[in-house]
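Right, I'll just put the structure down here and ask away after.
Each value in this text was obtained by applying a stated rule to the coordinates, not by laboratory testing. Remember, predicted model here, so these are calculated numbers, not experimental data. Cβ placement follows ideal geometry from the backbone for every residue including glycine, while neighbour counts extend to all protein chains displayed.
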Amino acid sequence: MSDWQPDLYMQFKSERTQPSIDLVAKIDQVAPKTIIDMGCGPGNSTRILANRWPESKIIGIDSSAAMIEKAKQEYPNQEWQMANASTYESAMKFDVVFSNAVIQWIPNHEHLFTKFHALLSNDGVVAVQIPQFWDMPLGKIIENIATATRWKDQTGGVSTLFTIHDYSFYYDILSNLFNSIEIWETHYLHVLENHVSVLEMIRSTGLKPYLERLTDDSARREFEEAVLKEIREAYPIQKNGKVLLPFNRLFFTGRKSTPV
């Protein structure tokens, strides 16, 4: 995919940051010395970590040059590195390995969690959140349109760019690597202005790889109109004119065993 658009992404800052707030609140570490935010984006999640543990050394990494540049602009006193979470190596061990709404873009999660485990200090905690995109009407709408006759030659197969499993899959991985596992789902209800806002919220994330397969602006507009039509049918307008967007997210934390 092309680089991310941090300004478009942050149009929905509150909706995107709340899961980070909820995940950070569940991390059972009193005073971690070192923290890494895997896939920090424009730095909004890293800022939540810094607010809770202002004395910690915190590193935010992201593979997007645009996201890292935005993070540097917004939070110049933090440490930022352009790096890929799936291949990141460090001699430093971290008391917290944190990742919010990132690993769905990374394949081979068995290998990924082995890497996270190796980056942790003894008694360190991994904390991850994943959007359950395919469980929502919105995800199903996009994929149904992408595989329809009109679009499948260009957008068929895009769903393979996502790696999202259910809670049972992640529990089995975590239980082989970590102690004190916590795993839960949260069903957020985002209050958006209208149906167009629903489209705009996913344009910079889940819809992005589909649009990038299309060859021109006219085709992208047509694809978005098809998605918007289905959004209007799937998500009713409330009495005050707003639209509620249910958004399901899977969370888990695991503590690394201390060798005896």
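Return the Rg/Rh ratio of the stretch 62-181 with Cα-based radii and a Kirkwood Rh.
Taking Rg over the Kirkwood Rh, I get 1.03.
Could you give me the ³J(HN,Hα) list for the stretch 57-72, computed from phi with Karplus coefficients 6.51, -1.76, 1.60 and θ = phi - 60°, whole Hz, x at Gly and Pro?
My calculation for the stretch 57-72 gives 7, 10, 10, x, 10, 7, 7, 8, 4, 5, 5, 5, 5, 5, 4, 5 Hz in order.
Label point 7 Å out from ASP172 along Cα-to-Cβ: which residues of the stretch 111-140 have amide N under 14 Å?
Flagged as within label range: 111.
Using the Karplus curve 6.51 cos²θ - 1.76 cosθ + 1.60 with θ = phi - 60°, work out ³J(HN,Hα) for each residue of the stretch 105-111 in order, rounded to whole Hz, and write x for Gly and Pro.
Result, ordered by residue: 9, 10, x, 6, 6, 4, 5 Hz.
Counting only other residues whose beta carbon sits under 10 Å from that of VAL102, what net charge do I get with K and R as +1, D and E as -1?
With Lys, Arg at +1 and Asp, Glu at -1, the net is -2.
Additional query: Could you give the dipole magnitude of the chain about its Cα centre, charging the beta-carbon of Lys and Arg +1 and that of Asp and Glu -1, in debye to the nearest 20?
With only Lys, Arg, Asp and Glu charged at Cβ, the dipole is about 300 debye.
Further, regarding this structure: Taking other Cβ within 10 Å of each residue's Cβ, how do MET82, MET10, MET38 sort, fewest first?
MET82, MET10, MET38
Next up: Taking neighbour Cβ counts within 10 Å as the exposure measure, how do PHE223, PHE162, PHE98 sort from fewest upward?
Ranked by crowding around the Cβ, least crowded first: PHE162, PHE223, PHE98.
Can you tell me the Rg and Dmax of the chain, counting just the alpha carbons, in angstroms?
Spelled out, the Cα radius of gyration and Dmax of the chain are 18.8, 63 Å.
Straight-line reach from LYS229: which lysines have a Cα under 26 Å away, not including same-chain ones fewer than 8 places off?
The reachable lysines, counting only those whose Cα sits under 26 Å from LYS229, are LYS13, LYS140, LYS152, LYS208, LYS239, LYS242.
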